[in-house]
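Take a look at the structure below.
The values are calculated or read from the model by the stated rules, or taken from the named source; none is laboratory data. From a predicted model like this one, the values you see are computed outputs, not experimental measurements. Cβ placement follows ideal geometry from the backbone for every residue including glycine, while neighbour counts extend to all protein chains displayed. Ligands, DNA and RNA are stripped out before the accessible areas are found, and what is left, the full protein with its side chains, is counted by its heavy atoms. Shrake-Rupley method; radii C 1.70, N 1.55, O 1.52, S 1.80 Å.
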Amino acid sequence: MIKRVTVPGLFPPPTYSHASVVEAGTAIAFLAGAVPLDEMGELVGPGDPVRQAEQVIGNLREQLRAVGSGLEHVLATEVYVVSEETSALSAVWEVVESSGLSRGPHSSTLLGVSCLGYTGQLVEITATAVVPEGAAVLGAAEALEGAAALEGEDA
């Protein structure tokens, strides 16, 4: 289903592949960036890129679950870190590695950027994943029920 390719003529990447190929007919999920917000929309880990990366991975797991997929089915990611220091990027990448996300190995790009969408946000991960055949995808009605349940907890 997924063929991960490390190109012989290029420097071997440490924990990811250069490309991933999926046969035609396979469902693919293109996920919006996972961000370090909790279920109430509060920033998790202000000033701490490692804690934010942990929250982002947790949120990414939930996004994948909602489409009937999982970390093991991720084909490609873009990991954005607000920093000019490679040490901060490396610390976030360690979280990615320990999550099991890079076990594929999948294709990935790690980027240092100047800012992200939420005030105080330091980490974001976008992903593309295979949705295994027969997987249950969370429908709009189920998503609305989940949102209503969260709103009911505030009351």
Where the accessible area of the stretch 1-74 is counted over protein heavy atoms with a 1.4 Å probe, how much of it, in %, is carbon and sulfur?
57 percent
Probe 1.4 Å, protein heavy atoms only - accessible area per residue of the stretch 65-114 in square angstrom
47 Å²
Label-to-label distance, nm, for residues given as Glu133 and Arg4 (7 Å Cα→Cβ offset)
2.2 nm
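Multiply the residue gap between Ala27 and Arg51 by 0.36 nm, knock off their C-alpha separation, and tell me the result in nm, one decimal place.
Numbers: separation 24, 0.36 × 24 = 8.64 nm, distance 3.18 nm.
Taking 0.36 nm per residue and subtracting the Cα distance, the gain is 5.5 nm.
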